């Protein structure tokens, strides 16, 4: 168990009126790193380069959240056309989930900043109890609409407000909020390294942040916020969904 992360979660949930619940990520190594999985009442940020498992993790969670109770479901905010119903069905089949999986998944296409930040209003009209809100991806609409240095301040301030609203929603409603984000390459001391798109605003706006990377035989997930040494998990994606790759 990750005792340091467990202490932080308990501290943050001390004054809440609801009981925190956990949504499994599929891979045991990921669940161990995050003390069981994704927590309701928190904003969790998965960021990394392309093909590191960000969207696949979201698909896994859309299925897994329905195991919390008979009425719980997910809102999937799709800003780039990433939602794949056939992939959801494949994962649900391997998890032996019966019935119509899509009765408790609402997909919202958000092709502008305004459409994206208005999504929390959909929680009240969803035909199920919303336990999970996913935004895949967080910053693309902001990057597209606020181009140029003259609009950089507006972009950062509106992104900061958006993240603040998501954190408030998670805490107030007891919803698990999961966002994905891209990275940009930077060179420092002749070394390449990745920084999250959105800079300090993105890195300071989420409760929990996980950096995803490619590995020779799968992917790795490193817990960077809260900063805990040796908090790394290894996983892969196959027809069953998100699974361990045999390395812990």
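The values are calculated or read from the model by the stated rules, or taken from the named source; none is laboratory data. Everything numeric in this text was worked out from a predicted model, so none of it was measured. Cβ atoms come from the backbone with ideal geometry, glycine included; neighbour counts cover every protein chain shown.
Restricting attention to segment 53-68, the residues being in a loop (DSSP other than H, G, I, E, B) and over 14 Å from residue 82 (Cα atoms) number 1. The number of residues in segment 55-72 that are surrounded by fewer than 18 Cβ atoms within 10 Å (Cβ to Cβ) and within 17 Å of the chain's Cα centre (by Cα) comes to 0. The residue that is nearest to residue 176 (Cα to Cα), among those in segment 226-248 that are surrounded by 13 or more Cβ atoms within 10 Å (Cβ to Cβ), touching a strand residue (DSSP E or B) at 6+ places or on another chain (Cβ under 8 Å) and at pLDDT below 90, is 226.
Do we find that residue 99 is out of contact with any strand residue (DSSP E or B) (no Cβ under 7 Å at 6 or more places or on another chain), farther than 27 Å from residue 197 by Cα, free of Cβ contacts under 8 Å to residues at least 60 places away in the same chain and not in a helix (DSSP H, G or I) in this structure? Against the criterion (out of contact with any strand residue (DSSP E or B) (no Cβ under 7 Å at 6 or more places or on another chain), farther than 27 Å from residue 197 by Cα, free of Cβ contacts under 8 Å to residues at least 60 places away in the same chain and not in a helix (DSSP H, G or I)), residue 99 qualifies. So which residues in segment 158-174 are closer than 15 Å to residue 130 by Cβ and either within 15 Å of the chain's Cα centre (by Cα) or not in a helix (DSSP H, G or I) (or both)? Listed by number, the residues that qualify are 166, 169, 170, 174. Taken as a whole, the structure places residue 195 among residues that are touching a strand residue (DSSP E or B) at 6+ places or on another chain (Cβ under 6 Å) and either surrounded by fewer than 18 Cβ atoms within 10 Å (Cβ to Cβ) or under 23 Å from residue 79 (Cα atoms) (or both). For segment 35-52, the set of residues classified as assigned to a loop (DSSP other than H, G, I, E, B), modelled with pLDDT of 95 or more, in contact with a helix residue (DSSP H, G or I) (Cβ under 8 Å, 6 or more places away or on another chain) and more than 14 Å from residue 243 (Cα to Cα) consists of 40, 41, 42, listed by residue number.
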